[in-house]
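The values are calculated or read from the model by the stated rules, or taken from the named source; none is laboratory data. Remember, it's a predicted structure, so these values are computed and weren't measured experimentally. Here Cβ is always computed from backbone atoms with ideal geometry, including for glycine, and neighbour counts include all displayed protein chains. Note: areas computed on protein heavy atoms with side chains; ligands, DNA, RNA excluded. Shrake-Rupley method; radii C 1.70, N 1.55, O 1.52, S 1.80 Å.
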Amino acid sequence: MKSKWVNRLIALSMTVVMAGSMIGCGAGNDTSSGTNEAAGSEAGGTVDDAADTSDAGAGETEDSSAGKDAVTVVYNTNNGDMAKWDLEGLYDGEINWVGYSENELDNKILLEMTTGAKTFDIAITQAAGAKQFGSLGLLEPLEPLEDMDDIFKGNVEQHSLGDDLYGYPLTGDAMIMYVNTKIWEEAGYTEDDIPKTLEEYGEKAIHLTMDSAGKRGDEEGFNKNDVVQWGTMYMGGSVVGNPWELATLSYGNGAKYIKKDYSNNTCEVVCNSPEMVGTLQFIKDLADAGAMPEGYVGYDYNEVDAQWISGKIGLFINWPYLLDRCSGTEMEGNVKVYGLPAGSTGKSESCLGGWSVNVFKDAPHKEDALKLAKALASAEADYNYCKLQGSSTARTSVLERQNEEYKAAGEDILIEVNEAYLASASAGAEMDLAQTNAAATDCQQTAAQYINMALTGQLSCQEAMDQLKVELEDILAANDYMQGN
């Protein structure tokens, strides 16, 4: 069965990589390029001038000065330049950092590793990566760290298969709600008006929307074709954040993509439930009312960031990293954060994200790679990484250390972010669609496709979720995921 997984994933990888060049280009902060970037440096060093190599992929750069004994780490450039990560005193070997955009990373790993290229030693992968690549037999099971109790339990579980740990948790993630205080106050709203439910969130988003004549979205005469300020936004379809945000909103309404029975190793695709279809319709209704920027369906993360920091969005549900993007922009000093609004169940439930450090089973420098992996996952390295990238930690000790520093510096907003994040992470759940082992990439990209078909009116929300159900059932069966055996 493993060969079936590999063959399907290689075919998928080839298709997506070829299609990736047609996806909208990135925008936003300097460290999140929409093209492939790679650089090499020694641990804790700076990025040397990189030069294209003759066999590099389109837009890819590599450091030709990296030595043959260097441990090669592949990562997502949307997380910034990892060669700037301070690892001084934690690892003294040479590291070759190789970066790809989010849309290409998983597919590049699959193509490289399943074809026996043995190019990479370590990968920094998103939440589903450890289970996905581990189930394919591509990853080395890892020894538990001495301080595993310091890491949030949910983050350990989502990078494990049974008793086998395939990813050392590096960052955690759970969605929170952002409020543009300038737009909020101009609308006459106060702290007491912060939306506590999704219904209130939608009502506020409509009111915060404004056309060029100053008419609000709930006023007579509002022109939704001439909007200059939007009440909210949804993550674009060219990133896997698309089905993740739908999951977060849907979980609060009691919906799931997939119900899993671990005791019998079976699952049921339920993405066409009234609760999930209704949640998708909620998003589409806001967009159709003019409360979201035109073209949002095609955004990648950089374009999502660019829209928010433009200062023209009122409310947004996103990951904690977004606050860091506000520095030096129109949004600096004009943002507050809160816990998620509750759905029809009376509670909110974010899907859990985060990134982990994985070591490939066929790593050409496995011994050094295992040492480096432990160094990268240490509390000190985690603290340095989160400080560099503005990421959320997966460790209690790092969160406490951050809050002490924020309190001393009078950075109340950062404490608020951590508190909102911790609340979401504590009540969060695994992203059922992504945690499907070898089927993870296929499931997420297929879901994004049908979500976008609904949001663009090609299919009704019910039709899109009905068709997605059939597609997901086929994908899970082909990959032998929880089929009762």
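For every residue, the table says whether it meets (1) part of a loop (DSSP other than H, G, I, E, B); (2) at pLDDT below 90.
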{"position": "Asp48", "(1), (2)": "yes, yes"}
{"position": "Val74", "(1), (2)": "no, no"}
{"position": "Leu87", "(1), (2)": "yes, no"}
{"position": "Asp92", "(1), (2)": "yes, no"}
{"position": "Ile95", "(1), (2)": "no, no"}
{"position": "Gly99", "(1), (2)": "no, no"}
{"position": "Glu104", "(1), (2)": "no, yes"}
{"position": "Ile109", "(1), (2)": "no, yes"}
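Out of the residues in segment 144-159 that are in contact (Cβ under 8 Å) with a residue 12 or more places away in the chain and over 23 Å from the mean Cα position of the chain (by Cα), which is nearest to Ser426 (Cα to Cα)? Filtering segment 144-159 for residues that are in contact (Cβ under 8 Å) with a residue 12 or more places away in the chain and over 23 Å from the mean Cα position of the chain (by Cα), the one nearest to Ser426 (Cα to Cα) comes out as Asp147.
If the condition is being outside any loop (DSSP other than H, G, I, E, B) and either out of contact with any strand residue (DSSP E or B) (no Cβ under 7 Å at 6 or more places or on another chain) or surrounded by fewer than 19 Cβ atoms within 10 Å (Cβ to Cβ) (or both), then segment 249-275 contributes Leu249, Ser250, Lys259, Lys260, Asp261, Thr266, Glu268, Pro274, Glu275.
Would you confirm, using the coordinates I've provided, whether Tyr296 is more than 21 Å from Asp466 (Cα to Cα), within 19 Å of the chain's Cα centre (by Cα) and not charged (D, E, K, R)? Before you say what the answer is, go through the steps one by one.
Values: more than 21 Å from Asp466 (Cα to Cα): yes; within 19 Å of the chain's Cα centre (by Cα): yes; not charged (D, E, K, R): yes.
Judged against the criteria, Tyr296 is a match.
Screening Leu388 against (1) out of contact with any strand residue (DSSP E or B) (no Cβ under 8 Å at 6 or more places or on another chain); (2) crowded, with 22+ Cβ neighbours inside 10 Å; (3) among the aliphatic types (A, V, I, L, M) leaves a single unmet condition, (2). Can you name the residue in segment 363-385 that is in contact with a helix residue (DSSP H, G or I) (Cβ under 7 Å, 6 or more places away or on another chain) and more than 30 Å from Asp305 (Cα to Cα) and, of all such residues, is surrounded by the fewest Cβ atoms within 10 Å (Cβ to Cβ)? Once the filter is applied, the top-ranked residue is Ala375.
When you look at Ser101, is it among the polar types (S, T, N, Q), farther than 30 Å from Arg325 by Cα and crowded, with 18+ Cβ neighbours inside 10 Å, yes or no? No. Among the candidates Gln307, Gln281, which residue alone is of a type outside the set (Phe, Trp, Tyr), open to solvent by 20 Å² or more (accessible area, probe 1.4 Å), part of a helix (DSSP H, G or I) and modelled with pLDDT of 95 or more? Residue meeting the stated conditions: Gln281.
Considering segment 374-390, and only residues there that are out of contact with any Phe, Trp or Tyr (no Cβ under 6 Å at 6 or more places or on another chain) and of a type in the set (Gly, Ala, Ser), the residue that is farthest from Lys118 (Cα to Cα) turns out to be Ala379. A single entry from Trp244, Trp230 fulfils the requirement of being in contact (Cβ under 8 Å) with a residue 12 or more places away in the chain and in contact with a Pro (Cβ under 6 Å, 6 or more places away or on another chain): Trp230.
For segment 362-379, a residue qualifies if it is of a type in the set (Lys, Arg) and more than 20 Å from Val156 (Cα to Cα), and exactly one does: Lys366. Looking across Ser350, Ser310, one residue alone is of a type outside the set (Val, Ile, Thr) and without any contact (Cβ under 8 Å) to a residue 24 or more places away in the chain. It is Ser310.
Could you list all residues from segment 444-456 that are open to solvent by less than 50 Å² (accessible area, probe 1.4 Å) and either under 12 Å from Val269 (Cα atoms) or not hydroxyl-bearing (Ser, Thr, Tyr) (or both)? Explain how you work it out, then say what you get.
Filtering segment 444-456 for residues open to solvent by less than 50 Å² (accessible area, probe 1.4 Å) gives 444, 446-448, 450-455.
Correct list: Gln444, Ala447, Ala448, Ile451, Asn452, Met453, Ala454, Leu455.
Sub-6 Å Cβ pairs linking a first residue in segment 415-443 that is open to solvent by 20 Å² or more (accessible area, probe 1.4 Å) to a second residue that is small (Gly, Ala, Ser), at least 6 apart or interchain, are Ala423/Gly339; Ala425/Gly172; Ala425/Ala174; Gly428/Ala174; Gly428/Ser350; Asn437/Ser135, ordered by first then second residue.
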